[in-house]
Ligand code: NDP
């Protein structure tokens, strides 16, 4: 094992005691409670972050209201140039941010570099482009006039105000930047509440945002657990919540927001995404596809597939070849550039995966490969392949959010689509076939916010993303996010 050396600035940042970032800097902690940030590759405490208390939340909201008053008046071209500058700074600090991210989340260093940093910068530039393209409509009122008077009307798109962006631990940089980009480009201010497991990279990005010219208060970061998130949502000074996380927390967030102030809510939630392989797909292509769909970042991707449907005549060959490939993966430290498979992100998650493996065994699901936690230190889990007995097996129904692919055979395409849709969730799905005409006929039948053909998991800022059924409300990316971050004001004039 040969780990890359941490940059001096990364070591320095980890050694600092951190706290919420409000009004352009980290504020002295007014709460003696600290959260410990733990490296999931070693189980070592690598940094400490003060937990926000109720006063911190009040201060952050007051600052964000001032930030909103100033930033919402900035010219669109100014908003665009600040976001573009921030994207440049993020790229200039690529290695520093990637190392911080890997230390706190256990993500393979190359995933941190290529996705958390590079992709995040691309997304930010895409959002920046929208700043100068937001517009309303000119309308002709429809009813006849009473006495010959005339009417005209138009709509204005106005920023909703102070946004609360609540972020999970799996892509703590990229998801925070999706929310930050959407809010800032529309003229909102934003308070990011990172996961207590992964607060560090966004604290560093908040410093870079000030260097990029963002006024103090337009971006604040409140560090703390779920209660800090709840306090932000229920605060009378916040106007919108953009939440990414699990379905149960999403339901609680939606209820808190509705009860607080009918606060607008976007929910990007989890699911149990399906991948269906038609009979014409070659064995090696199917195995590559399953690894892309289910095992990237150890399956800790909301859009990853967890249910795999393969024709009955091919399922033994596919699961066998997949197991052989997984057995060859080099499991190791995420700071070792040659590792192909790292730890999962935290101890609780590792323990939950252990409980799911036990459940699979108790239900006599067939564990074809893996199915064990690896000896410590570190939160390592074997990549796992399971063959379910029936649609009722727990591993075909409960989200694992881990490196676990559960298979079920199908007999014909009608049954394949019915199985893929047999879930209360619908974030993403994929169909794999060489017959594009067949794929295009099947796509409308699949119940999911995104359906990929011959690919899975790749997100693009130009293509809207979000869930149907219990996987969420609202869309990120494309032009779709604008609806969620702006209010439509109608203006009607008599003349
Ligand atoms: P959680 O739902 O546990 O937490 C998400 C965020 O919500 C964290 O910042 C958490 O804080 C915070 N939170 C917890 N309780 C509350 C509350 N009552 N009010 C407000 N905020 C709260 O998700 P995980 O972090 O465990 O992430 C994994 C889940 O996220 C998976 O289910 C996955 O599918 C989903 N996900 C969905 C995505 C999508 O786009 N659809 C993308 C990525 C992940 P803290 O961690 O500090 O407790």
ask   = Can you pull out the residues in region 128-179 that are free of Cβ contacts under 8 Å to residues at least 40 places away in the same chain and either within 13 Å of the ligand (Cβ to nearest atom) or within 23 Å of residue 237 (Cα to Cα) (or both)?
value = 176
query = Out of region 229-286, which residues are assigned to a helix (DSSP H, G or I), in contact (Cβ under 8 Å) with a residue 40 or more places away in the chain and under 23 Å from residue 55 (Cα atoms)?
reply = 229, 231, 232, 233, 253
task = Go through the residues of region 484-492 one by one and say whether even a single one is in the same structural domain as residue 155 (by TED's automatic domain parsing) and under 15 Å from the mean Cα position of the chain (by Cα).
result = no
note = Going through (1) within 26 Å of residue 388 (Cβ to Cβ); (2) away from the ligand (no atom under 13 Å from the Cβ); (3) surrounded by fewer than 20 Cβ atoms within 10 Å (Cβ to Cβ) one by one, residue 213 fails only at (1)
message = If I filter region 152-163 for residues that are modelled with pLDDT of 95 or more, surrounded by 24 or more Cβ atoms within 10 Å (Cβ to Cβ) and under 20 Å from residue 486 (Cα atoms), do I get at least one hit?
response = yes
request  = Could you check residue 452 against (1) surrounded by fewer than 20 Cβ atoms within 10 Å (Cβ to Cβ); (2) within 16 Å of the ligand (Cβ to nearest atom); (3) outside the structural domain of residue 134 (by TED's automatic domain parsing) and say which number it fails?
outcome  = (1)
ask   = Out of 70, 104, 119, which single residue is more than 21 Å from residue 378 (Cβ to Cβ) and in contact with a strand residue (DSSP E or B) (Cβ under 9 Å, 6 or more places away or on another chain)?
value = 70
request  = Just give me the residues in region 216-227 being within 14 Å of the ligand (Cβ to nearest atom) and surrounded by fewer than 24 Cβ atoms within 10 Å (Cβ to Cβ), in sequence order.
outcome  = 225, 226, 227
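The values are calculated or read from the model by the stated rules, or taken from the named source; none is laboratory data. Source: prediction; values computed, not measured. Every residue, glycine among them, receives a Cβ derived from its backbone with ideal geometry; neighbour counts consider all protein chains shown.
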